[in-house]
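**Q** Please find one structure pasted underneath; my questions will follow.
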Amino acid sequence: MTSCERWTLRTEHTSYTVRLSPDGPWAELDAWGPLGVEDGPSALDWSRRTHFITPADAAPAEYLPQGQRPFTGAELVVGHSGDQRGVWWEFAGAEQDADGLRLAFTDDVAGLRTTLCYATVPGTDVVLRWTELTCTGDGELRLERLDSGAVTVPVADGARLTYLTGQWSQEFTHTQLHLRRGTFSMGSIQGVPGHAYAPWLAVQDAALPDDGTAPTYGIALEWSGNWHITAEAEPGGAVRVRAGRVPHEGAVVLQPGQTLATPRLACAFSPEGTDGLARVWHRYERHLGGDRLHRTRKVLYNSWEATGFDVHAADQLELAKVAADIGAEVFVVDDGWFTGRADDTGGLGDWYPDPAEFPRGFGRFVDDVRTLGLGFGLWVEPEAISPNSRLHAEHPDWVYRVEDRPGRLVRNQLLLDLGRTDVQDFVIGTFDRLLTGYPIEYLKWDMNRPPTERGRPGAGPADRLDLDAGHVAGYLRVLDHLRTAHPHVTVEGCAGGGGRIEHATLARTDVVWPSDNTAPLDRLAIQHGFLHAHAPHVMSSWVTDSPGVFDPRPRSLAFRFVLAMCGVLGIGADLRSWNADQRAEAARWIARYKEIRDVVHHGEVRLLGTPKDPTCGVQYTEAHSSRTVVAGFSTGVLDGAPLVPGRPARLRLRGLDPAAAYRDEDTGTHYSGAHLLHYGLPFAWTADHDARLVVLTRDQARTGPLDPAHHP
Ligand code: DGJ
């Protein structure tokens, strides 16, 4: 390879090196991995023998337009000057400072300046990438494809892709495939990231074992609208992954002088498999939380599963009383509290408490809840509108609609065009009225239907309006307003479960609702997938009744508590029907959770096994504390137990000091770190004992071998 310009970005433990290609005017990946990986010939270098394709097609390019890269997939497709398409650019300079890098390329014929932008994120192993596109000519540009970036991973036998799939009530299912050749693509054109795929991907060389030692590359797209992630296994022994928003309704039009920034693509690396990569993402999401990270996430009670749309003050207060007795800290009234909301056919848009359900006034009701020692929270679905609402009668033009076409209902409702400033102002005004009118400290923002007829009558051709970006901008503007005008309010993000979970939402909310499915064994799998991409301090999780709405496979109350304690604990059961023993047990779990939630929310997570194993768990070890919390679950059949001889199940812990001594706070059992790492923590399951929360305290005074008398 001839010498060329190179730039290296360094994170806590990784380097990301980009070079100007020796083969043409484009940037390409030189090295990405642990610090120092850039010292040596690039592992992405290639033979330079191209047959039937161009060098740009074979290069590990960071970003190339159609035109310059004709055959193997371009990140940018631009129409300009009448019918011409394609971009051929020249390198126009680099700027690097301590936190980032900008590489500019210009095409004077098209009138386009493209800047590839890179930024490191302090305290993490994440490099953010995005692209800025400026129309420098006299004519408008039509951006038909405008990805955020591409990354290339060298592989020996294709790639193992790990991704998170599902549908409503089955979100975040951990899924893998071996991509030897060809294209894998996932995404959403539902105006939100959707339930089918999370905008997140992990890539490994499939020739390496999936045991926590394989170098693992991850990307995640910060965009609450339409998106895609596409991986292409190339003939030359590399997998190239492109990601970005999808201008599904047409092209994005860039007028002369305008600059557009694509969504940010977060790129993460870990040498410790997908489990290690999860820790990189968790740390990044803690960074996104900013100062709010250290606010205690309260134990909530939510009445949705208990009362559905039948919200009456007396029933809610009965629930609130029991919730307070067992130790909940905030009470959230879900759907059904506002006028016209007897079921899902009406009410959305008319955000006024229903006087028939709160006969002594809503303010009085909120005060009654607060007198029990609980904070008060409310559910809203601000983008939604019922066709028979007063809001719809007053503003039929606020709804997405295609002229002369019928509007379709999904869940009996329509969707407000949140890209309109007047609609955003209405939503902001609604929030301000509710949040200043009542002492509300918790807001659950739900969204239960995707846009179907995407048009804005009277505003011109919809294929030039970029309604997707308009909706995203409106959504983020309202969330930002909540943060600045009502900083005391905890915001939960929800879209019919986990339909809108990505970094833009996570940066502006405190918790998210991964799925409506709270059935224990289903939830275990959902949380297992979720924790690969997202941190426990954002993972809202409820204990609900058994058997649940979704999953009749019974599990103990302990199982349901330990599972919900793996994130931000909430209760969603109908507590009115719980007997004294159940309530007492719940109170014990909640008290225990309050003692250990700091470790769960701020500790380093290690996923122990998978929900397909008979025993699996999650380990949380707080870096600067002496405590490790392990949630252990029995997922399997217990035929014959405990009548047949057998040994307890074991979960081998990780990341502990082998020479240190650890004590189980409940049983007093002592273990050496070596024992926990080598043999593992024992779990003697029985038919009734199917989950355990173990709190291990590191004994600061004792290291080295333990007194054999205390050995299990
Ligand atoms: C969907 C949410 O995911 C549920 O938790 C609940 O809030 C319902 N909507 C209410 O309609």
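The values are calculated or read from the model by the stated rules, or taken from the named source; none is laboratory data. All values reported here derive from a predicted model rather than from experimental measurement. Glycine gets a Cβ as well: all are built from the backbone with ideal geometry, and neighbour counts include every protein chain shown.
**Q** Has the stretch 355-376 got at least one residue that is outside any helix (DSSP H, G or I), within 28 Å of Gly499 (Cβ to Cβ) and touching a Ser or Thr at 6+ places or on another chain (Cβ under 8 Å)?
**A** no
**Q** Also, quick follow-up: Mind checking which pairs have a first residue in the stretch 514-529 that is farther than 14 Å from Phe559 by Cβ and a second that is part of a helix (DSSP H, G or I), Cβ under 6 Å, 6 or more apart or different chains?
**A** Pro514/Ile526; Pro514/Phe530; Ser515/Ile526
**Q** Still on this structure, please answer the following. Are any residues in the stretch 358-371 over 11 Å from Tyr438 (Cβ atoms) and surrounded by fewer than 17 Cβ atoms within 10 Å (Cβ to Cβ), and if so, which ones?
**A** Scanning the stretch 358-371 gives Pro359, Arg360, Thr371.
**Q** Could we say that Thr339 is away from the ligand (no atom under 15 Å from the Cβ) and among the polar types (S, T, N, Q) here?
**A** For Thr339, the condition - away from the ligand (no atom under 15 Å from the Cβ) and among the polar types (S, T, N, Q) - is met.
**Q** Any chance the stretch 335-345 includes a residue that's in the same structural domain as Gly437 (by TED's automatic domain parsing), under 19 Å from Pro439 (Cβ atoms) and surrounded by 19 or more Cβ atoms within 10 Å (Cβ to Cβ)?
**A** yes
**Q** Further question on the same structure: Can you tell me how many residues within the stretch 439-459 are under 18 Å from Gly347 (Cβ atoms) and either more than 28 Å from the chain's Cα centre (by Cα) or among the hydrophobic types (A, V, I, L, M, F, W, C) (or both)?
**A** Result for the stretch 439-459: 3.
**Q** Taking interchain pairs and intrachain pairs at least six residues apart, which have beta carbon atoms under 9 angstrom, with the first residue in the stretch 339-354 and touching a residue at least 12 places away in the same chain (Cβ under 8 Å) and part of a loop (DSSP other than H, G, I, E, B) and the second of a type in the set (Lys, Arg) and crowded, with 18+ Cβ neighbours inside 10 Å?
**A** Here the result reads Gly347/Arg341; Leu348/Arg341; Asp350/Arg341; Asp354/Arg341, each pair linking the stretch 339-354 to a residue that is of a type in the set (Lys, Arg) and crowded, with 18+ Cβ neighbours inside 10 Å.
**Q** If you scan the stretch 387-413, which residues turn out to be under 34 Å from the mean Cα position of the chain (by Cα), closer than 12 Å to Gly340 by Cβ and small (Gly, Ala, Ser)?
**A** Scanning the stretch 387-413 gives a single hit, Ser389.
**Q** Does Ala591 satisfy the condition of being in contact (Cβ under 8 Å) with a residue 12 or more places away in the chain, among the aliphatic types (A, V, I, L, M) and exposed (fewer than 13 other Cβ atoms within 10 Å of the Cβ)?
**A** yes
**Q** Here is a further query. Return the residues of the stretch 121-152 that are among the hydroxyl-bearing types (Ser, Thr, Tyr), buried (at least 21 other Cβ atoms within 10 Å of the Cβ) and more than 20 Å from the chain's Cα centre (by Cα); say none if nothing qualifies.
**A** Thr131, Thr152, listed by residue number.
**Q** Here's a follow-up. Of the residues that make up the stretch 310-320, is at least one at pLDDT below 95, of a type in the set (Asp, Glu) and in contact with a helix residue (DSSP H, G or I) (Cβ under 8 Å, 6 or more places away or on another chain)?
**A** No; the residues of the stretch 310-320 include none that is at pLDDT below 95, of a type in the set (Asp, Glu) and in contact with a helix residue (DSSP H, G or I) (Cβ under 8 Å, 6 or more places away or on another chain).
**Q** Could you figure out which of (1) crowded, with 18+ Cβ neighbours inside 10 Å; (2) not in a strand (DSSP E or B) isn't true of Ile53?
**A** (1)
**Q** Yes or no: Ala586 buried (at least 17 other Cβ atoms within 10 Å of the Cβ), within 24 Å of His537 (Cα to Cα) and modelled with pLDDT of 95 or more?
**A** For Ala586, the condition - buried (at least 17 other Cβ atoms within 10 Å of the Cβ), within 24 Å of His537 (Cα to Cα) and modelled with pLDDT of 95 or more - is met.
**Q** On to the next question. All but one of (1) on the phi > 0 side of the Ramachandran plot; (2) buried (at least 23 other Cβ atoms within 10 Å of the Cβ) hold for Ser169; which doesn't?
**A** (2)
**Q** Give all pairs with beta carbons closer than 6 Å in which a residue from the stretch 438-449 that is under 13 Å from Glu492 (Cα atoms) meets a residue that is near the ligand (Cβ under 9 Å from one of its atoms); count only pairs at least 6 apart in sequence or on separate chains.
**A** Partner pairs satisfying both residue conditions: Lys444/Trp379; Lys444/Cys494; Asp446/Glu381; Asp446/Cys494; Met447/Ala495.
**Q** Can Tyr442 be described as on the phi < 0 side of the Ramachandran plot, within 16 Å of the ligand (Cβ to nearest atom) and either surrounded by fewer than 20 Cβ atoms within 10 Å (Cβ to Cβ) or modelled with pLDDT of 95 or more (or both)?
**A** yes
**Q** While we're looking at this one, here's another question. Among the candidates Leu300, Leu319, Leu293, which residue alone is within 22 Å of the chain's Cα centre (by Cα), within 16 Å of the ligand (Cβ to nearest atom) and over 20 Å from Pro193 (Cβ atoms)?
**A** So the residue among Leu300, Leu319, Leu293 that is within 22 Å of the chain's Cα centre (by Cα), within 16 Å of the ligand (Cβ to nearest atom) and over 20 Å from Pro193 (Cβ atoms) is Leu300.
**Q** With the requirement that a residue be part of a strand (DSSP E or B), charged (D, E, K, R) and closer than 24 Å to Arg49 by Cβ, what does the stretch 1-33 give you?
**A** Arg6, Arg19, Glu28, Asp30, listed by residue number.
**Q** With part of a strand (DSSP E or B), at positive phi and surrounded by fewer than 22 Cβ atoms within 10 Å (Cβ to Cβ) as the only criterion, which of Gly73, Gly82, Gly36, Gly93 stands out?
**A** Matching residue, one of Gly73, Gly82, Gly36, Gly93: Gly93.
**Q** Between Met565, Met539, which is of a type in the set (A, V, I, L, M) and in contact with a Cys (Cβ under 9 Å, 6 or more places away or on another chain)?
**A** Met539
**Q** Moving on. Being at pLDDT below 95 and aromatic (Phe, Trp, Tyr) narrows it down to one of Trp88, Trp46, Trp130, so name that one.
**A** It is Trp46.
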